[in-house]
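Novice: I have a structure here, written as structure tokens, and I will follow up with some questions on it.
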Amino acid sequence: MDPQQILQFPYAAAPAPGTSLEVAPGLRWLRMPLPFALDHINLWLLEDGDGWSIVDCGIAGDTSRGLWEQIFAAWPGDCARSRAFQATRVLVTHCHPDHVGLAHWLCERFGATLWMSQAEYLTAHAIREGVAGYTPDNLLGMYRRNGLIGDALEKMAVRGNRYRVAVPEFPHSYRRIMDGDEIAIGGRAWRVIMGYGHAPEHAALYCSELGVLISGDMVLPKISTNISVWSIDPDGNPLQQFLDSLQRYAALPPDTLVLPSHGLPFRGLRERIEQLQEHHRQHFEELYEACAQPLSAFDAIPTLFRRELDTHQLFFAMGEAMAHLHCLYYRGALARRAGADGVIRYLQHGGFHNEPVA
Ligand SMILES: [Zn+2]
């Protein structure tokens, strides 16, 4: 059976660009385009007294700003309220550019405060500034040590700071949110449920009164969330962190309406989490089999991705391949060592016994 058929999608289509749609009392959905293969992001507006809390912002650029302007201009007509749009706060799930790009612009425009977790706030600044190890050299060095070869490395070296293009400005103060916080929005309590592995400290928001989870990128209905090892934490185990985090969402009521950042709102949270666990379990199995021979993360990519990848996708794939190998390594299924060429390779546990140590 098609895994998508196990889930229920109450809406067949997203609201048209520049419009919003009520999906629960006082909760509206809007969508912004993205110039990537993943071509859209969902944003949410939560009624908050005389104004609205904005959840996630869209990538910076004329297109997104223009669509926000359409939303604001049509506000009373669009949602049958008499007041002009006013933002009470700008809440951001995590630091990725499609979520945070226009945060500064929105905060300035409405005199609103940015609400975010500390790790996401500081990471956004660090990536923008290219500090704290967020440098192309650091990234390229990690990829090289994990077997990436060929012109992809040169192509990457000339890409520059693309984050800064998508997030041209970023606020210099914020309101910190923490795991378990209950944020009162429009008289309703929204509980912060932090998740890990996709971004440093990703906030999802759950409202038991509405039975709604704003899942951000932690639980998506169709695609699996990108889980990558990053060069500031080259020995990290983000995939295990992600799988552990999923348990926290699986504990929510089974009929919860999930509002994801990409794809359509759905019901079937537990079923979707089982699908994601199964997806990674299959990847683990295939990778373990492939590691009958010593394999670098680069060598492992065809096992995980059975399609041609462009340069941009290749970097995501490298991070993902490393995340899977690290997880198996920390579980004790794989051994690893650096070869004479400095490249880290993985082998089924015990497999390196008769090899000379590099
Ligand atoms: Zn993300």
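Novice: Take Ile344 and tell me if it is open to solvent by less than 60 Å² (accessible area, probe 1.4 Å) and under 30 Å from Gly160 (Cα atoms).
Specialist: On the way: open to solvent by less than 60 Å² (accessible area, probe 1.4 Å): yes; under 30 Å from Gly160 (Cα atoms): yes.
It is true that Ile344 is open to solvent by less than 60 Å² (accessible area, probe 1.4 Å) and under 30 Å from Gly160 (Cα atoms).
Novice: Trp68 fails exactly one of the following numbered conditions: (1) of a type in the set (Phe, Trp, Tyr); (2) outside any helix (DSSP H, G or I); (3) surrounded by 19 or more Cβ atoms within 10 Å (Cβ to Cβ). What is the number of that condition?
Specialist: In the conditions (1) of a type in the set (Phe, Trp, Tyr); (2) outside any helix (DSSP H, G or I); (3) surrounded by 19 or more Cβ atoms within 10 Å (Cβ to Cβ), Trp68 misses (2) alone.
Novice: I would also like to ask the following. Can you tell which of Leu45, Leu21, Leu38, Leu30 is farther than 20 Å from Thr256 by Cα and aliphatic (A, V, I, L, M)?
Specialist: Leu38
Novice: Do you know which of the residues in segment 289-329 that are assigned to a helix (DSSP H, G or I) and acidic (Asp, Glu) is least open to solvent (accessible area, probe 1.4 Å)?
Specialist: In this case the residue turns out to be Glu320.
Novice: For segment 18-41, what are the residues that are part of a loop (DSSP other than H, G, I, E, B), open to solvent by 30 Å² or more (accessible area, probe 1.4 Å) and either over 22 Å from Asp310 (Cα atoms) or not aromatic (Phe, Trp, Tyr) (or both)? Before the answer, list the steps.
Specialist: Looking only at segment 18-41, we keep the residues that are part of a loop (DSSP other than H, G, I, E, B), and these are 18-20, 25-26, 34-39.
Add one more test, that the residue is open to solvent by 30 Å² or more (accessible area, probe 1.4 Å), and what stays is 19, 25, 35-39.
Within segment 18-41, Thr19, Pro25, Pro35, Ala37, Leu38, Asp39 qualify.
Novice: Now, a different point. Does Thr88 fit the bill of being under 25 Å from Thr123 (Cα atoms) and of a type outside the set (A, V, I, L, M, F, W, C)?
Specialist: Taking the combined requirement at face value, the residue satisfies it.
Novice: Determine whether Ala87 is open to solvent by less than 20 Å² (accessible area, probe 1.4 Å), farther than 23 Å from Leu264 by Cα and aliphatic (A, V, I, L, M). Outline the logic, then answer.
Specialist: On the way: open to solvent by less than 20 Å² (accessible area, probe 1.4 Å): yes; farther than 23 Å from Leu264 by Cα: yes; aliphatic (A, V, I, L, M): yes.
Against the criterion (open to solvent by less than 20 Å² (accessible area, probe 1.4 Å), farther than 23 Å from Leu264 by Cα and aliphatic (A, V, I, L, M)), Ala87 qualifies.
Novice: Can I ask one more? Please specify each residue of segment 145-167 satisfying the condition of being surrounded by 15 or more Cβ atoms within 10 Å (Cβ to Cβ) and either of a type outside the set (A, V, I, L, M) or in a loop (DSSP other than H, G, I, E, B) (or both).
Specialist: Passing the criteria: Arg145, Asn146, Gly147, Leu148, Asn161, Tyr163, Arg164, Val167.
Novice: Does Pro200 fit the bill of being touching a residue at least 40 places away in the same chain (Cβ under 8 Å) and in contact with an Asp or Glu (Cβ under 9 Å, 6 or more places away or on another chain)?
Specialist: Here the answer is yes, as Pro200 does meet what is asked.
Novice: Tally up the residues in segment 98-122 that are part of a loop (DSSP other than H, G, I, E, B) and open to solvent by less than 30 Å² (accessible area, probe 1.4 Å), please. Can you show your working first?
Specialist: First, pick out the residues of segment 98-122 that are part of a loop (DSSP other than H, G, I, E, B): 101-102, 111-112, 117.
Retained after the next criterion (residues that are open to solvent by less than 30 Å² (accessible area, probe 1.4 Å)): 101-102, 112, 117.
Residues that pass the stated criteria total 4.
Novice: Please enumerate the residues belonging to segment 181-196 that are touching a Gly at 6+ places or on another chain (Cβ under 9 Å) and open to solvent by less than 10 Å² (accessible area, probe 1.4 Å).
Specialist: Ile185, Val192, Ile193, Met194, Gly195
Novice: Then there is this: Of the conditions (1) surrounded by 15 or more Cβ atoms within 10 Å (Cβ to Cβ); (2) among the aliphatic types (A, V, I, L, M); (3) away from the ligand (no atom under 16 Å from the Cβ), Met178 satisfies every one except a single condition; which number is it?
Specialist: Here Met178 meets the rest and fails (1).
The values are calculated or read from the model by the stated rules, or taken from the named source; none is laboratory data. Source: prediction; values computed, not measured. Heads up, the Cβs are rebuilt from the backbone with ideal geometry, glycines too, and the neighbour counts pull from every protein chain shown. These area figures cover heavy atoms from the full protein model, side chains too; ligands, DNA and RNA do not enter into them. Shrake-Rupley method; radii C 1.70, N 1.55, O 1.52, S 1.80 Å.
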